[in-house]
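Here is the structure we will look at.
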Amino acid sequence: MFKSLSSRLVAYASLWATICIFIAGILITDNFHQSMEKDLDRRLNVSVKLLVAHYAAQLVQNDTLDASGNLGDPLFDLPLSGWYWSIASDQGEVLVASASLASGTFNLNKDQEIAFDESNQRYGLGIGPDQQELRILERKISFGPDRIFLFRISGNAQDLQNRSDAFKADAWLTMAFVVALPLLSIVIVVRLVFKPLSLLQDKIREVRQGKADQIIGSYPDEISGLVDEANALIRSNAELAERARMQVGNLAHALKTPLSVITNEANEMDGKIGPRLQHQAQTMRDQINLYLERARMAARSNMLGAATPLEPILRRLSNVMQKIHSSSDLSISVSIEDNLTFRGEEQDLEEMVGNLVDNACKWARHNVSIRACCILFSDGEKKENPFLKIIIEDDGPGLSRQECEEVKRRGYRLDESKPGSGLGLSIVDELAHLYKGSFTLSVSELGGLKVELELPAL
């Protein structure tokens, strides 16, 4: 769900912290309610003992009971306060009750089947005279044969519930604040922990852009090994590319002398065999040049950290071509967006663009246009990768659709009167594909050929 490690860590840690604090909140508020209920039960127990003590002598002597006792708590005198007491006979007749009851009654809810414990008392919920919810304690006490009395006392359960709800509201508000602090701490800690990875990403980007040849900096032990391995890979890549260049040069030098000998011997031979050998030797030379060039291009295209500014190359090529084709009435216009950089080697860029511009100048009547801009492509992971788009147009005779495909073949030449080996466009096509780019030909608005070269950019 989350592709970012920091996002995963923040999400999972935040979820776990929230769950833990939520459970803690439930336990705290439930314990508070139970504690208040126990305190109320203890208060009722003390009050019923005071009630028994107050009326015990009168009950033993079978005197008339007076209703003067408030048990030391003014709430038992306050009408409909929720704090009531009463004494009833075993037949259920109320003999005396607190002044707070105001001639009303209070009893345990009928749907409760609560048995008396070993102390002959029981707790339960009931309803008072003003439909108040009450917490009630009943206790049976015997004062002689067939003289059993029921002492009943109540506390305001609704008040207890209101206080419990107020505590819950304050507790959950506090919990929300308590949750916010760990979440903020988690975000800060994750940013600090992953900061070296962000720094490493910047350093790798500098290597890829050619601003550095190694990943430098001090990193934690967990990723320092990765940095060392990456630096070793960069060095190995550079060494392999250099070795490939050396081998290509050695092979070219080794083949050059034998081919020259074969060509010279063929020149001295009479009849049809000499020209035939010359033709085959030239074919061999072209094939060797082509595949050596391919090997050289493949070695360079895999180089890490190569970066080439585009504008100086295009300006220099434009000036060179203007001088080479000075005999023609030729105008070369150049339009380039700012800060365009090719992600590759300068020599490859010069070879591709040089071939295309030279070809356009050969065929153009009067005008050649060179334009360059940056475009974005989305890959399968929905990331936008920058590419250079170099457009070269001329007002020459142009090519048909079929000819546009044919000229990409190596050695193919539409007009033998024009100088060249016929390898230029095929080399451009292969180089562009080695860099994961593209090379297309079409009809220009100027009337001639339009070439579009797309290459990776920084």
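Annotations
- Filtering Ser119, Ser103, Ser98, Ser81 for residues that are farther than 19 Å from Ser142 by Cα, in contact with a strand residue (DSSP E or B) (Cβ under 9 Å, 6 or more places away or on another chain) and surrounded by fewer than 13 Cβ atoms within 10 Å (Cβ to Cβ) leaves a single hit, Ser103.
- Applying a threshold of 6 Å to beta carbon distances and a minimum spacing of six or more residues, or different chains, the list of pairs starting in region 141-165 at a residue that is without any contact (Cβ under 8 Å) to a residue 40 or more places away in the chain and ending at one that is assigned to a strand (DSSP E or B) reads Ser142/Ile148.
- Identification of strands (runs of 3 or more DSSP E) wholly contained in region 113-213 with 2 or more residues that are touching a helix residue (DSSP H, G or I) at 6+ places or on another chain (Cβ under 9 Å) and basic (Lys, Arg) yields 133-142.
- Residue that is modelled with the lowest pLDDT, among those in region 378-398 that are among the aliphatic types (A, V, I, L, M) and buried (at least 20 other Cβ atoms within 10 Å of the Cβ): Leu388
- Of all residues in region 63-73, none are modelled with pLDDT of 85 or more and either closer than 30 Å to Ser164 by Cβ or assigned to a helix (DSSP H, G or I) (or both).
- Top-ranked residue in region 347-375 [being farther than 21 Å from Gly396 by Cα and free of Cβ contacts under 8 Å to residues at least 40 places away in the same chain; ranked as surrounded by the fewest Cβ atoms within 10 Å (Cβ to Cβ)]: Cys373
- The listed residues are Glu229, Glu242, and the only one of them that is in the same structural domain as Met284 (by TED's automatic domain parsing), at pLDDT below 75 and among the charged types (D, E, K, R) turns out to be Glu242.
- Selection from region 313-369 of residues that are of a type in the set (A, V, I, L, M, F, W, C) and not in a helix (DSSP H, G or I): Leu330, Ile332, Val334, Ile336, Leu340, Phe342, Ala364, Val368
- Condition met for Tyr12 (free of Cβ contacts under 8 Å to residues at least 60 places away in the same chain, in a helix (DSSP H, G or I) and touching a strand residue (DSSP E or B) at 6+ places or on another chain (Cβ under 7 Å)): no
- Each residue in region 214-237 was checked for being assigned to a helix (DSSP H, G or I) and among the aromatic types (Phe, Trp, Tyr), and 0 of them qualify.
The values are calculated or read from the model by the stated rules, or taken from the named source; none is laboratory data. The shown structure was predicted, so the numbers you read here are calculated from the model rather than taken from an experiment. Cβ coordinates were reconstructed from backbone atoms using ideal geometry, including for glycine residues, and neighbour counts include every protein chain displayed.
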